[in-house]
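These notes are about the structure you will find just below.
The values are calculated or read from the model by the stated rules, or taken from the named source; none is laboratory data. Values in this document were obtained by computation on a predicted structure and should not be read as measured data. For neighbour counting, all protein chains shown are included, and Cβ atoms are generated from backbone atoms with ideal geometry for every residue, glycine included.
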Amino acid sequence: MRVEIPYKPRVYQQEIHDGLNRHRFSAVVCHRRFGKTVAAVNHLLRAAATCKQQRPRFAYVAPTYRMGKQAAWDYIQHYADPIPGRTFNQSELRVDLPNEGQVRIYGADDPDKLRGIYLDGVVFDEFGLMPPNVYSEVLRPALSDRHGWALFMGTPAGRNEFYKVIYGDDGANPGAKANPSWFYAEYKASMTGIISDAELKAAREDMTEDEYAQEYECSFEASVKGAIYADEISSARLHGRVTKVPYDPALPVDTDWDLGVGDSTAIWFSQSLRGGEIRVIDYYENSGEGLPHYAQVLKEKQYAYGTHWAPADIQVRELGSGRSRMEAAQQLGIRFQVVPNLPIEDGIHAVRLLFPRCWFDEIRTHRGLEALQHYRWDYNARLREFKSRPLHDWASHGADAFRYFALRQTPPKDKRPVTWPAPTNMRPYAWMD
């Protein structure tokens, strides 16, 4: 049966469809308003409707569930509507097709909901804004038994996981751009003609050079918008303080925790020298696990531990059990000290003071450094300005744990103001097409 849907791909959208049909793995970099989400939704619907597997399953994954709903759900309903026998499940953001195929929206902010599923194909929209492990640990295994395909797409936002998918990881892997088994395409606004020259000129006048280069010319070199520790990370890399940092058995290993409740828990591992140098040797993060899991992680790493540090809320007693997580940890052999309970701005100031003393192991702390690099100020799209508080997303856990680390190292005695980007002529930042 032939079904006509109200979608006529542009030349470059058709190029993406053709590439996806020829390759199992693909990476596409697009400028803003290119139409990548429309292309992705239509490719998923067609793949689900024509798949020969039993009970086909396809997924559209956004950085958060809310972003996925906002960006893609209306498109899915619009383009799937002409298919006879289709049904929409509003509560699960899912369309069911007559061949028992499904296309469903997921958020990478809750990886546990993605565990245990199987997929015939998946689209990661704005992959660079997702937790680094959402593909490698969670969804890559979901593709294995049915040889499913994956598309990584987005607009650059610094040298994050999306960058590594494209350019490789420090030369260890070739990356999509240099890997002939992948389909790779890059679409800058200056080449597609989708946005008029007049509009691009107006946008350039309203945006900084970094903003324009990132959003319209697909530059990975432009800095992450509103990044709180951009200068500190850049300086650490420039001065060679992100390198190989071996564990010294003669020094105790201190740990600094951000303890999640139904959320991620992050742990930094460090060794401090008398001269003030701090060696940050390891980092661990996980979600959906209780304290026994993290006690086992500490044991398996076989470090000689010094002091374990946690935020003040570890002392709060749970209503059900009547005991605190500090007491639960003591029964597992982890004795916590409590970090001073100071405002977030004091903690950010403490991190900035601490950074020049830190040396990071580039391999073992990689995920934590990614969190610090992408920790950024929240943005008020209506007022077109950054808020005075950080955005709570996947990067928050590692950044919060490092903030506690800094507070117990160098509690700020002077309340210096914490500055954040506040351009007066900034255009709204749209995460999705």
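Quick notes on this one:
- Being within 26 Å of L372 (Cβ to Cβ), in a loop (DSSP other than H, G, I, E, B) and either of a type outside the set (S, T, N, Q) or modelled with pLDDT of 95 or more (or both) holds for only one residue in P82, P131, and it is P131.
- Answer residue from region 354-390, given it is touching a residue at least 12 places away in the same chain (Cβ under 8 Å), hydrophobic (A, V, I, L, M, F, W, C) and not in a strand (DSSP E or B) and is farthest from V253 (Cα to Cα) among those: A381
- Total residues in region 124-169, condition without any contact (Cβ under 8 Å) to a residue 60 or more places away in the chain, surrounded by fewer than 21 Cβ atoms within 10 Å (Cβ to Cβ) and not aromatic (F, W, Y): 11
- All conditions but one from (1) at pLDDT 90 or above; (2) farther than 30 Å from K299 by Cα; (3) touching a Ser or Thr at 6+ places or on another chain (Cβ under 9 Å) apply to D378; the one that does not is (1).
- Of all the listed residues (V122, V95), the sole one being of a type in the set (A, V, I, L, M) and either over 15 Å from T37 (Cβ atoms) or part of a helix (DSSP H, G or I) (or both) is V95.
- Figure legend. Inter-residue proximity from region 235-252: first residues closer than 16 Å to R357 by Cα, second residues part of a loop (DSSP other than H, G, I, E, B), beta-carbon distance below 7 Å, spacing 6+ or different chains. Indicated pairs: V242/E362; T243/E362; K244/E362.
- Residues within region 176-222 that are under 27 Å from the mean Cα position of the chain (by Cα) and acidic (D, E), tallied: 7
- Taken over region 21-43, residues that are out of contact with any His (no Cβ under 8 Å at 6 or more places or on another chain) and either of a type in the set (D, E) or more than 30 Å from A213 (Cβ to Cβ) (or both) amount to 2.
- Helices (runs of 4 or more DSSP H) (entirely within region 155-216) containing at least 2 residues that are more than 21 Å from F34 (Cα to Cα): 161-167
- Comparison of P340, P292, P356 shows that the only residue that is of a type outside the set (D, E), surrounded by fewer than 21 Cβ atoms within 10 Å (Cβ to Cβ) and touching a Pro at 6+ places or on another chain (Cβ under 7 Å) is P340.
- Of the criteria (1) farther than 19 Å from E370 by Cβ; (2) part of a loop (DSSP other than H, G, I, E, B), which one G260 fails: (1)
- Candidate set from region 1-16 (those that are assigned to a helix (DSSP H, G or I) and surrounded by fewer than 17 Cβ atoms within 10 Å (Cβ to Cβ)); member that is farthest from the chain's Cα centre (by Cα): V11
- Any chance V224 is surrounded by 13 or more Cβ atoms within 10 Å (Cβ to Cβ), among the β-branched types (V, I, T) and modelled with pLDDT of 95 or more: no
- Tally of residues being among the aliphatic types (A, V, I, L, M), under 19 Å from T365 (Cα atoms) and in a helix (DSSP H, G or I) across region 296-315: 2
- R140 vs. criteria part of a loop (DSSP other than H, G, I, E, B), outside the structural domain of W394 (by TED's automatic domain parsing) and either touching a Leu at 6+ places or on another chain (Cβ under 7 Å) or not polar (S, T, N, Q) (or both): no
Okay, residues lined up against (1) more than 30 Å from E318 (Cβ to Cβ); (2) outside the structural domain of G347 (by TED's automatic domain parsing); (3) surrounded by 16 or more Cβ atoms within 10 Å (Cβ to Cβ):
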site	(1), (2), (3)
Y187	yes, yes, yes
K201	yes, yes, no
Y247	yes, no, yes
L273	yes, no, no
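- Test: residue in region 22-32 that is closer than 21 Å to S91 by Cα and under 23 Å from the mean Cα position of the chain (by Cα): no
- When every residue of region 88-96 is checked against the conditions, none turns out to be hydrophobic (A, V, I, L, M, F, W, C), surrounded by fewer than 20 Cβ atoms within 10 Å (Cβ to Cβ) and at pLDDT below 95.
- Within region 34-54, the set of residues being surrounded by fewer than 16 Cβ atoms within 10 Å (Cβ to Cβ) and more than 20 Å from D81 (Cα to Cα) comprises K52, Q53, Q54.
- The conditions of being in the same structural domain as V123 (by TED's automatic domain parsing), surrounded by 14 or more Cβ atoms within 10 Å (Cβ to Cβ) and touching a residue at least 40 places away in the same chain (Cβ under 8 Å) are not met by Y75.
- Of all residues in region 39-69 being over 25 Å from the mean Cα position of the chain (by Cα) and basic (K, R), the one that is farthest from G19 (Cα to Cα): R55
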